[in-house]
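Accompanying notes for the structure given below.
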Amino acid sequence: MADLFGALRRHMGRLCRRLLWLLSYKKIKASECSVDTAIDADDIHSALRFLEYQQYKYQWHFQVERFVFRPDCRPAGPDKALTLLVGIHKSESLLSHQCFYAGIAAIYISIQQKNSVSLDGLRPWLFRQAGLTSSEQIVFSPHWRNRECPYKQIISARACLLQLSLSEGRAAAKTIESIGNANLRILNAMPFREISADVLYRSTTNLLRGLLCLSFNRLGCHQLCNSLKRLRIELECGRYRRPVEEAKENHLGLLIEVLDLVELAMTSDSQALREKRLSIMINIASPGIAEGALDWLESLEPNFLSDS
């Protein structure tokens with residue numbers, strides 16, 4: 001009964017927001033134009049105030065989320081885009097998931113631009129969000145929306161931290177190993193049916209990136225294979241049919257690829273296997289990340305396929 005009332009309340013909330021948007025359409029569009037004008041004038045402070053006003057007055061989240069989630073909608077210059085994203089990240093008036101993903105996007109830009117000042121400011125926050133050493137239990141619920149889900153956010157933070165760590169090569173080996181161990185723990189403890197099918201499916205690729213940080217010794221590969229097979233069985237259930245059809249990425253297909261790769265790693269090693277592993281782990285085009293990732297992987301080779 002509580003679930004029924006909760007669903008009804010959420011439905012009524014959506015209807016009320018849509019009515020508000022319809023009645024305020026011209027004012028909302030004028031506000032969006034004011035944001036664009038402020039950005040063109042390099043007045044990021046005013047642009048942020050307009051975005052916050054849209055959220056407060058009209059519950060209008062579309063423009064700010066275009067900046068956060070769609071790189072093609074951001075200011076053309078990376079410096080201006082970074083300033084805008086950092087401003088959204090630090091805002092106390094925007095929604096928490098908007099601030100979170102703005103921080104993630106800002107870090108990705110900073111990595112690509114090798115902006116050490118920006119990275120130094122965001123690095124402590126990213127480590128906290130990744131929760132590699134946290135003993136706190138993640139709250140699971142099938143009612144969490146995709147971008148608002150704590151599980152999805154922590155996996156996204158770890159995928160971002162992985163790119164930053166790979167760019168640092170073998171010097172970040174302990175952090176990379178910690179990401180793998182943390183993702184394996186969460187996979188093994190995950191109550192699949194307490195997460196919405198959409199959230200679990202769409203987070204699979206970033207989960208896999210972190211799992212490939214694990215040591216590829218025989219015992220580790222065997223344990224990882226068992227965990228991946230459990231996840232594959234789950235994602236092949238009927239409740240994932242709609243997420244599979246709607247998602248832009250073939251997350252299940254990548255899971256099958258990773259499972260084949262790990263099974264192969266138990267019996268052989270090759271340059272092609274190492275290249276495939278890194279191609280999955282890296283999610284942004286950056287020579288620095290590619291070089292650092294290779295440096296990290298080469299530091300592991302003496303232990304490759306050991307029995308320890």
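We did not get these values from a lab; they are worked out from the coordinates using the rules stated. All values reported here derive from a predicted model rather than from experimental measurement. Virtual Cβ from ideal backbone geometry, glycine too; neighbours counted across all protein chains shown.
Protection proxy ranking, highest mean first, for peptides 174-180, 224-230, 158-164: 158-164, 174-180, 224-230, where packing is the per-residue count of other beta-carbon atoms within 10 Å, averaged.
Taking amide H as placed 1.01 Å from N in the peptide plane, the amide H of residue 144 sits under 5 Å from that of 196, each at least 5 places away or on another chain. Mean-square fluctuation check for the chain, GNM, Cα pairs under 10 Å: which of 243, 78, 191 is largest? Among 243, 78, 191, the largest GNM mean-square fluctuation belongs to 191. With θ taken as phi - 60° and the coefficients 6.51, -1.76 and 1.60, list the Karplus ³J(HN,Hα) couplings across the stretch 62-75 in order, rounded to whole Hz; mark glycine and proline as x. Those phi angles translate into 5, 5, 5, 6, 5, 5, 6, 9, 10, x, 5, 9, 7, x Hz. Computed from phi, the 3J(HN,Hα) profile of the stretch 102-114 under the Karplus parametrisation 6.51, -1.76, 1.60 (θ = phi - 60°) reads 5, x, 4, 4, 5, 5, 4, 4, 4, 5, 5, 8, 6 Hz, with x in place of Gly and Pro.
Multiply the residue separation of residue 294 and residue 275 by 0.36 nm, subtract the distance between their alpha-carbon atoms, and state the gained length in nm to one decimal.
Values: separation 19, 0.36 × 19 = 6.84 nm, distance 0.88 nm.
Between residue 294 and residue 275, full extension yields 6.0 nm more.
Over all pairs of different C-alpha atoms in the stretch 156-308, the reciprocal of the mean inverse distance, the Kirkwood hydrodynamic radius, equals 15.8 Å.
With r as the distance between the Cβ atoms of residue 267 and residue 116 and R0 = 35 Å, compute the FRET efficiency 1/(1 + (r/R0)^6) and round to 0.05. Could you put the intermediate results ahead of the total?
Numbers: r = 42 Å, r/R0 = 1.20.
Given R0 = 35 Å and the Cβ-Cβ separation, E is 0.25.
For residue 137 and residue 170, the difference between the fully extended length at 0.36 nm per residue and the C-alpha to C-alpha distance is 8.9 nm. Sorting the segments 288-296, 247-255 by their mean number of nearby beta carbons within 10 angstrom, highest to lowest, gives 288-296, 247-255.
3J(HN,Hα) along the stretch 115-128, derived from phi through the Karplus expression 6.51 cos²θ - 1.76 cosθ + 1.60 where θ = phi - 60°, amounts to 8, 5, 5, 5, 5, 4, x, 9, 4, x, 4, 4, 4, 5 Hz, with x in place of Gly and Pro. Taking each residue as 0.36 nm, the span from residue 69 to residue 222 lengthens on full extension beyond its C-alpha to C-alpha distance by 51.4 nm.
Exposure proxy check: 27, 152 ranked by fewest other beta carbons within 10 Å?
Lowest to highest Cβ neighbour count: 27, 152.
Residues 139, 262 in ascending order of nearby Cβ atoms (within 10 Å, fewest first): 139, 262.
Compare 148, 52, 298 in a GNM of the chain, Cα atoms joined below 10 Å, and give the one with the largest fluctuation. Of 148, 52, 298, the most mobile in the Gaussian network model is 298.
Separation of the stretch 110-143 from the stretch 206-252 is 22 Å, based on Cα centroids.
What FRET efficiency do you get for residue 284 and residue 194 if R0 is 25 Å and r is their Cβ-Cβ distance, rounded to the nearest 0.05? Let's see the in-between values first.
Details: r = 31 Å, r/R0 = 1.25.
With R0 = 25 Å, the Cβ-Cβ based efficiency is 0.20.
In the chain, taking the dipole from charged Cβ atoms about the Cα centre, the farthest positive-side position among 143, 85, 153 is held by 143.
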